[in-house]
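Structure record follows, encoded as structure tokens.
The values are calculated or read from the model by the stated rules, or taken from the named source; none is laboratory data. Here the structure is a predicted model, which means the values were calculated and not measured. Counting neighbours? That spans all protein chains shown, and the Cβs are built from the backbone with ideal geometry, glycine included.
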Protein chains: 2
Amino acid sequence: MAMLEQCLEKNRLYAAQFDRSKLAMPPSKKLAVVACMDARMTVEDFLGLRTGDAHIIRNAGGLVTDDALRSLVISCQLLGTREFFVIEHTDCGMLTFEEADVQAKLSRDTGADASGLKLYPFKDIHANLKAQLRKIRECPFIPADIPAHGLIFHVESGELEQVESI
Amino acid sequence: MAMLEQCLEKNRLYAAQFDRSKLAMPPSKKLAVVACMDARMTVEDFLGLRTGDAHIIRNAGGLVTDDALRSLVISCQLLGTREFFVIEHTDCGMLTFEEADVQAKLSRDTGADASGLKLYPFKDIHANLKAQLRKIRECPFIPADIPAHGLIFHVESGELEQVESI
């Protein structure tokens, strides 16, 4: 429980200084971001976003999976966002393994059949990022006039690289 | 492009002050967090986490979907995390709609058939949160000795409520 207790202690400080001027449910900047779960990416900080500004959707890789599309559809159709960022990053863990190797290891280690477990590793960040943007554009439930920008965060420098906007 | 340009401008300031002491790829606190995408939740801030500490996985609702499980499996099996938090919150957008209503509206508005589009709204935060913890425990590829803590973030006060640990 040590980690939980540390975070609850930190949260008491956060709550003690909490600004109680009520923020609205819809993001004030009408922005939704899809980004990798990587610990080195503090997304709000490196984009200069404040609490209340944007929806932040994150998963392993920063991929536009079906579940990320579910979140984006809810974001734009129910909560009014009008611009999307997709952010992958250098030195991503997803570049470091083969799906079949991990499936075989998990099957061996756990005794459960992992052969159907999709993990979606990739080899080329730029190509993968562009493919994610296409998945947004092909979703019939996301208006075609919502711009989607693909960016790469450089974990070595903190810099964002603009790759493509569609 | 205004929003993108604003964020790129803010990112230049971030990068100019970036601490280049290299952070490791595995999260230093061995923690993974699943939380809602809600704009009012700046997860790292209200947990007192720093860049490099934890994987952050986020989607509409803070749900342990198949894609969140994919991320958690990668997190613990490949990148060494040993503790999970699942964080839902008060005043969640997912409490405000019926799936069938939104499916019907999207079908009408877009001309594409949205009847199979799963959105996973819910009615009871506590019950929903406990169900998410069970999905972690039932995943054969997540070690049973990784504790999973369910928490509710109160958007009115900034406080975290502990609900269940399994």
Item to complete: Consider A:Glu156 carefully, then state whether it is part of a loop (DSSP other than H, G, I, E, B) and at pLDDT 95 or above.
Response: yes
Worksheet entry | Answer from A:Arg108, A:Arg82 - the residue that is under 30 Å from B:Thr96 (Cα atoms) and charged (D, E, K, R) | A:Arg82
Worksheet item: Are any of the residues in the range A:77-98 in contact with a helix residue (DSSP H, G or I) (Cβ under 9 Å, 6 or more places away or on another chain), of a type in the set (Lys, Arg) and under 26 Å from A:Gly52 (Cβ atoms)?
Response: yes
Worksheet, complete the sentence: Only unsatisfied item for A:Gly150, checking (1) more than 18 Å from the chain's Cα centre (by Cα); (2) of a type outside the set (A, V, I, L, M); (3) more than 8 Å from chain B (Cβ to nearest Cβ), is (1)
Item to complete: Go through the residues of the range A:12-33 one by one and say whether even a single one is in a helix (DSSP H, G or I), closer than 27 Å to A:Tyr120 by Cβ and within 7 Å of chain B (Cβ to nearest Cβ).
Response: no
Discussion item. Quick check on the range B:97-114. Is at least one of its residues touching a Gly at 6+ places or on another chain (Cβ under 8 Å) and within 21 Å of B:Val64 (Cα to Cα)?
Written reply: no
Worksheet, complete the sentence: Over the range B:1-11, the set of residues in contact with a Ser or Thr (Cβ under 8 Å, 6 or more places away or on another chain) and more than 7 Å from every other protein chain (Cβ to nearest Cβ) is B:Met1
Worksheet, complete the sentence: Considering the range A:51-65, residues that are more than 7 Å from chain B (Cβ to nearest Cβ) and over 15 Å from A:Ala39 (Cβ atoms), and then whichever is surrounded by the fewest Cβ atoms within 10 Å (Cβ to Cβ), we arrive at A:Leu63
Discussion item. Conditions first: (1) surrounded by fewer than 17 Cβ atoms within 10 Å (Cβ to Cβ); (2) of a type in the set (Gly, Ala, Ser); (3) under 17 Å from B:Ala60 (Cα atoms). B:Gly150 passes all but one, so which condition is the exception?
Written reply: (1)
